[in-house]
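The values are calculated or read from the model by the stated rules, or taken from the named source; none is laboratory data. This one's a predicted model, so the numbers in the text were calculated from it and none came from an experiment. When we count neighbours, we look across all protein chains shown, and the Cβ atoms used for this are built from the backbone with ideal geometry, even at glycine. With ligands, DNA and RNA removed, areas are computed over all heavy atoms of the protein, side chains included. Shrake-Rupley method; radii C 1.70, N 1.55, O 1.52, S 1.80 Å.
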Amino acid sequence: MTTTYKNIISTKEEFEEFRSFIGTPSQRAANKVISFIDEHCVDFISKSPFLSLATSNAEGECDVTPRGDAPGFVMVLDEQHLFIPERPGNKRMDSVHNIISNPNIGLLFLIPGLGETLRINGKAYICRDPELLEKSAVNGKSPLFGLLVEVKECYVHCAKAFIRSQLWDAESWLAKEALPSAPQMLVAHAKLPNATSDQVAKDLKESYTQRLY
């Protein structure tokens with residue numbers, strides 16, 4: 001940790017002192033965590049088309065990646081297990097590498113227009129169960145594998161972040177021409193010889209329209 005910044009909290013003792021300044025959670029917040037997927041969680045997951053998936057490797061280095069598909073693409077198998085199909089991507093498989101060395105996982109389910117989110121924590125395993133893969137097929141194409149999640153914690157998260165950010169308020173969105181350019185970022189970061197943002201944009205469009213599944 002650089003010494004440039006002041007008042008860094010890095011020990012348990014410092015945190016306990018800081019905690020006393022912040023205060024303790026309400027009884028509702030403290031008691032809201034359940035250890036299984038109840039009917040409310042099932043309903044939420046069935047209506048969610050998007051989640052963020054957090055993993056870390058054996059050294060604790062973290063990664064968060066998006067997952068999205070038609071609402072209900074994550075299958076609830078029973079009160080303790082979920083199945084997340086793995087669709088075609090860039091083949092880096094960062095999450096998979098992490099899970100092999102550290103199975104702990106965190107999920108954040110979103111529903112467009114809803115400020116509250118559903119958080120689920122547990123352990124994940126690479127799964128190639130033929131029946132689950134077949135049930136996850138889209139346009140006749142089954143995924144090569146998926147993530148089987150053993151659920152340990154489930155709880156709803158309040159809407160304050162979405163209210164503050166105005167994420168679902170279309171009037172707060174930037175104009176299209178003001179948005180960051182992913183092709184320009186990829187050209188700058190990947191530093192591939194002779195690559196242009198126009199070519200990358202063309203490649204991305206082809207990927208988005210031809211290789212979603």
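Would you be able to say whether some residue in the range 15-24 is open to solvent by less than 60 Å² (accessible area, probe 1.4 Å) and either closer than 19 Å to C158 by Cα or modelled with pLDDT under 95 (or both)?
Of the residues in the range 15-24, the ones open to solvent by less than 60 Å² (accessible area, probe 1.4 Å) are 23.
Still in the list and also either closer than 19 Å to C158 by Cα or modelled with pLDDT under 95 (or both): 23.
For the range 15-24, residues open to solvent by less than 60 Å² (accessible area, probe 1.4 Å) and either closer than 19 Å to C158 by Cα or modelled with pLDDT under 95 (or both): present.
Restricting attention to the range 168-213, report how many residues are in a helix (DSSP H, G or I) and over 30 Å from G146 (Cα atoms). First the steps, then the outcome.
Within the range 168-213, the subset in a helix (DSSP H, G or I) is 170-172, 176-178, 182-190, 197-210.
Adding the requirement that they be over 30 Å from G146 (Cα atoms) leaves 170-172, 176-178, 184, 187-188, 197-199.
The total comes to 12.
From N121, N139, N90, N104, grab the single residue that is polar (S, T, N, Q), in contact (Cβ under 8 Å) with a residue 12 or more places away in the chain and open to solvent by 80 Å² or more (accessible area, probe 1.4 Å).
None of the others qualify; the one that does is N139.
Residue under question is K6, and the condition is that it be part of a loop (DSSP other than H, G, I, E, B) and closer than 27 Å to A137 by Cβ; does it hold? Walk me through how you get there before you give the answer.
Working: part of a loop (DSSP other than H, G, I, E, B): yes; closer than 27 Å to A137 by Cβ: no.
Spelling it out, it is not the case that K6 is part of a loop (DSSP other than H, G, I, E, B) and closer than 27 Å to A137 by Cβ.
For G113, only one of the following conditions fails: (1) over 18 Å from I34 (Cα atoms); (2) touching a strand residue (DSSP E or B) at 6+ places or on another chain (Cβ under 8 Å). What is its number?
Of (1) over 18 Å from I34 (Cα atoms); (2) touching a strand residue (DSSP E or B) at 6+ places or on another chain (Cβ under 8 Å), only one is false for G113: (2).
Checking the condition charged (D, E, K, R), closer than 30 Å to L114 by Cβ and surrounded by 10 or more Cβ atoms within 10 Å (Cβ to Cβ), which residue from E61, E79, E39 passes?
Working: E61 fails: closer than 30 Å to L114 by Cβ; E39 fails: surrounded by 10 or more Cβ atoms within 10 Å (Cβ to Cβ).
Sole residue among the options that is charged (D, E, K, R), closer than 30 Å to L114 by Cβ and surrounded by 10 or more Cβ atoms within 10 Å (Cβ to Cβ): E79.
In this structure, does N139 turn out to be of a type in the set (S, T, N, Q), within 28 Å of I163 (Cβ to Cβ) and out of contact with any His (no Cβ under 6 Å at 6 or more places or on another chain)?
Working: of a type in the set (S, T, N, Q): yes; within 28 Å of I163 (Cβ to Cβ): no; out of contact with any His (no Cβ under 6 Å at 6 or more places or on another chain): yes.
No; evaluated as a whole, the condition is false for this residue.
Tally up the residues in the range 162-205 that are surrounded by 12 or more Cβ atoms within 10 Å (Cβ to Cβ) and within 23 Å of the chain's Cα centre (by Cα), please. Even if it seems obvious, please write down each step before you answer.
Just the residues of the range 162-205 that are surrounded by 12 or more Cβ atoms within 10 Å (Cβ to Cβ), to begin with: 162-163, 167-168, 173, 181-187, 195-197, 199-204.
Within this subset, residues satisfying the condition of being within 23 Å of the chain's Cα centre (by Cα) are 162-163, 167-168, 173, 181-183, 185-186, 204.
Here the count works out to 11.
In the range 42-57, which residues are over 13 Å from the mean Cα position of the chain (by Cα), of a type outside the set (D, E, K, R) and not in a helix (DSSP H, G or I)?
Matches in the range 42-57: N57 only.
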